[in-house]
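In what follows, a structure is listed as structure tokens, so that the remarks can point back to it.
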Amino acid sequence: MSAPLIIEDIRPLLALIAPWLGLVGIMWAGEKRANLRESITFITASVQAALVLSMLPIVLSGAILEFHIWQIFSYVPMLLRVDGPGLLFACVASILWIATTLYSVGYMRGLHEHAQTRFYSFFALSLSATMGVAFSANLLTIYFFYEMLSVSTFPLVTHMQDKDARTGGRTYLGYLLFTSLCLLLPALSWCYVWLDGGQMTMDFMADTGKVGHFSETTQIILLFLFTYGFAKSGLMPFHSWLPGAMVAPTPVSALLHAVAVVKVGVFCVYRIYADVYGVEVLSQMGGEEWIMIIASGTILISSLIALSQDNLKRRLAFSTIGQLGYIALGAAIATDRGQGGAVLHIAMHACGKITLFFCAGAIFVASGKKYVSQLRGIGRRMPITMGAFMIGSLSVIGLPPLGGFISKWYLALGALDRDATWVVVVLLISSLLNVFYLLPVAVTAFFRSEDTEEDDASIKEAPWPCVVPLACTALGCFAMFFWSDSLLKLAGVSP
Amino acid sequence: MMGDAIAWIFIFPLLGSVLAALSGFVNRKLAYPISVISMVGAFGAGVETLLQAINSSTHEVSYILGGWTLDLFPRGVGIEFRVDILAGLISIIVLGVGLIVTIYSKLAVEDETPNKESIYYSLMLLQITGLAGICMTGDAFNLYVLIEVAALTGYGLIAIGSNRAAAATFNYLILGTIGASLYLLGVGYLYIKTGTLNMIGIREVIEANRLADSATIQVAFVLIGVGILIKMAFFPFHVWLPNAYCNAPTTTSCLLAPLVTKVMIYVMIRMLLSVFGVEFSFESTIWVNWMPWLVVVAIICAAFMALAQREIKRMLAYLIVAEVGYMVGGIWIYNYYGMIGSIFHIISDACMTLCLFLGTGIILRACKTTHFDGLRGLFSKMPLTMIGFFIGGFSIIGLPPTCGFFSKWYLITGGMVSERWEYMVVLMFSTMVMVVLFFRLIERIHLAVSESGENLGKGHGDLGLSKEQTRFDEAPLVMLIPLLVSASCVILIGIYNQEVVNQIEIFLQDYDLPTGVDH
């Protein structure tokens, strides 16, 4: 394969800076001019998405965009680079930000939440960090944005400012900062010192596979340090922060804890497996099988836990942990199609899961209900919402003609390329479990009769800013199935 | 005048000190502008000196007071000020911090030490002169004199505050004097054996006569080493520090906390590298074997003590003790990266401690307390102050891109290269403690939850405070701007860390430290 054409371009940086400008606007507009503030958020999100999408044709044509910001160490620059997987992730995050912004307007106003300016400000910051991770060209750059994301989401997680928020926030930061500072940092500095005589650039393109110079034990230790260092990926046993973070308002859970933050985690893990180790080194070292087993365990265990959760958001959170396991699993399979499937799953699962969270939030706004057992018959009151929930569930389960099918298909193909039949079995069992914990929600809502004692007659669909986004993302699940060509190309697998 | 930039670094604040003292007879209000002007002058001269050092072919500038020649052997008997790149960098930090604190001091000094402004500023300028002198002198005995200048003025600056400060000062005075005496004794031994007091001279004699095995030199090394450890508040010699810094007037703690301990770290590096030489310090003594373990104990104890505090100032005081452990560890793990880390950490720690203490001063002024219980709602009351303060906090934790991240990076790397795993693990441990310390603070300010976990307000972000208490009421500009300047320094030094580290690398070229990597 010939080296791709590298174009110097400032757009990745602009996509990073746009939220910062938006932040200034949001703070300036403030609580008193709420409409203006939300418009600014909306415009910022659109500008960011437009910038990201404008890079799409160039990357699809096989070129790569780069932008050099500054020199962190003598040999390590802060470098932004837009390649296929990064752009795919950035597209998903920035487009879904638009949807989430609209949804937030409905949700936050519907519930008369406080401190909305702070909410929108830190939301913008988080999205800037997410773009940074998506476009990072080396390990150190990705680490910077990773940490920025951890800190900038803390005020969102603790938004309610009460006791539960404190507990959730502590779990959240405790896990994320412990792993990133105590596991990841040593691993990074290890690579920095001992590869290339202290001249390691840690670049994802130029230095792929250089970890192979280490002894096998070191490689495996490093693999684990990296995998668990990026604890946002939610691999067990470092997953508890995610259910803890569900104390946040639903738009946060939807965009950050189903799309941006957790996907940043698995995206980093993907970068490690695919671009630091590389397929050749990874498939020969022996450590990746451990990761595959851990990921499979995560998938199955979290699905079982999800079965027992009555709180809808917690059920979705455990489902997310399971789905993240797919991505880590796919990346660890160390075949091209497996890793492509992992990247695809980032996008497919994002679209499906954000729909589910949107629905959970819409139900809460419309009826104040949080628990699955309370949802009897609500489907007749809120047909659009629950219909979207159904579609989202099916996509997450992985049925055609929905996006989730494609990524699971490639994951299975990747596993077969490696002759790991057991992975396919795990995928099948887990899909079955998905059916068990997701479908009953929709079924209860549509087919069970309402509680007679409760007067639910007043319940109707949530405000339109809540409903439109969730309908759109549900349709997006279909769209991703039918127009999957460019997605496949970005993920680096041929259709 | 160009060649005399070093002399001007001293002339400005010395002159300013005298004038500030005299201004008491005319108008006490004059002391502040006099101090600011002389600090600006000194800072300018410091920058000029550093640039001269960087641009000269030998990477150092030397200035001889009294005109004694350097050509004799043993080298020079006169008073030599020698500024190489390390000395230049640290003195710039001293002068910069001095300048920022002087500007910041206006309101605090008027409030806390009324009617004593002229004396206060006079002492403060002398203090800065002493600290800057420590960094630049090339003479081991003059170093002692300047340490005493800094210490004596320091006692005055602390004791000028409340009654409790006087007791704390006494503590400080006893330990400080012991430390300085040990150092002086050590210098005495060195002089007996080598016949010179000039730092370079001492090393030349030691190397020329192969005195490494001499018991006299060994004893001198131990005395000087222990003396410096006491002066820098290395655990368990830290007992003077928390009380002294907490009971001192705001400006004093802002000035002393970032500088005094850090300057003593510099002295340790200077002694090890320039006076005794790398080979003697690290190869001929057994310190290198057990110092990292002492550091481990020091950092763990300091971290736990910091955790136990419920007052920002005391918490920060123990943080400084922990940070001293970082830097001493970086030196004694004995390799190139560790040394870079230590030197860079002197610079970055001075900036971030300054940032935190300036912020604390503002909080103290606004809330009348720095106890954790009185801080709720400060984010809405003083958002800019809080941003400045927490940039310092994030830097202490070591979050990129603040300068604290980079110093920690080099320290960790150093620990790894020397395979000093205990040091690395303790760095991780204390990092997590810092995370707890600062995010606990954020919780206490941001959340409507009491320490025992009860909800205080009515929910939905109600902090249980009156409108009056959460209304936007930012600190006065004369305090806010220095804070924000220091916070931006924390970030800028982080972003441009490579420029600083390149200079440190030039300095370290002359010293043969192991890099642990086969190039």
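Values quoted throughout were computed directly from the atomic coordinates according to the rules given, and no laboratory measurement underlies them. A quick note: this is a predicted structure, and the numbers were derived from the prediction, not measured. Using ideal geometry, Cβ is built from the backbone for each residue, glycine included, and neighbour counts are taken over all protein chains shown.
Summary table
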item	result
³J(HN,Hα) computed for each position of region B:468-481 - Karplus, 6.51 cos²θ - 1.76 cosθ + 1.60, integer Hz, glycine/proline x	4, 6, 10, 5, 4, 8, 6, 5, x, 4, 5, 9, 5, 5
Out-of-range pairs (alpha-carbon distance over 24 Å; input A:LYS32/A:LYS232; A:LYS263/A:LYS489; A:LYS232/B:LYS381; A:LYS232/A:LYS489; A:LYS32/B:LYS381; B:LYS262/B:LYS313)	A:LYS32/A:LYS232; A:LYS232/B:LYS381; A:LYS232/A:LYS489
Cα-based helix-to-principal-axis angle, B:199-208 vs chain B, degrees rounded to 10	40
Residue-span extension gain [A:GLU31 to A:PHE447] - 0.36 nm each, minus C-alpha spacing	145.5 nm
Tilt relative to chain B, helix B:287-308 - C-alpha long axis, 0 to 90 degrees, to 10	10
Convex hull (Cα only) mean projected area of region B:434-500, reported in nm² to one decimal	7.1
Environment charge of B:SER57, counting only residues whose C-beta is closer than 14 Å and scoring Lys/Arg +1, Asp/Glu -1	-3
Length-normalised contact order of region A:286-495 in % [C-alpha pairs under 8 Å, at least 6 apart]	28
Computed E for B:ALA166/B:ILE37 - FRET, C-beta separation, R0 30 angstrom, nearest 0.05	0.45
Alpha-carbon centroid distance for the pair region A:64-113 / region B:442-519, whole angstrom	25
FRET E, pair A:LEU416, A:THR167, Förster distance 60 Å, beta-carbon r, rounded to 0.05	0.85
Residues of type aspartates and glutamates that B:LYS106 reaches as a straight line, Cα spacing below 18 Å, ignoring anything fewer than 8 places off in the same chain	B:GLU117, B:GLU474
Descending principal axes extents, chain A, alpha-carbon based, whole Å	72, 54, 43
Residue range of chain B that is longest and free of GluC sites (Glu not before Pro) which are both DSSP loop and sparsely packed (at most 16 other C-beta within 10 Å)	B:1-418
C-alpha long axis of helix A:336-367 to longest principal axis of chain A, angle in °	20
Peptides B:255-262, A:59-66, B:230-237 ordered by average Cβ neighbours within 10 Å, highest first	B:255-262, B:230-237, A:59-66
Partner lysines for A:LYS163 [C-alpha distance under 18 Å; skip if fewer than 8 residues away on the same chain]	B:LYS458
Along each principal axis, Cα extent of the protein assembly as shown, largest first, Å	97, 64, 44
Using a Förster distance of 25 Å, the FRET efficiency for B:VAL478-B:LEU22 (Cβ separation, nearest 0.05)	0.55
Hypothetical label at B:SER450: residues of region B:361-393 whose amide nitrogen lies under 20 Å (7 Å Cα-Cβ projection)	B:369-378
For region B:287-519, convex hull volume per residue from C-alpha positions, Å³	123
Gap separating the Cα centres of region A:155-172 and region B:1-65, nearest whole Å	50
Alpha carbon centroid spacing (whole Å) that separates region B:185-242 from region B:336-406	34
Lysines with Cα under 28 Å of A:LYS460, excluding same-chain neighbours fewer than 8 positions away	A:LYS313, A:LYS353, A:LYS369, A:LYS370
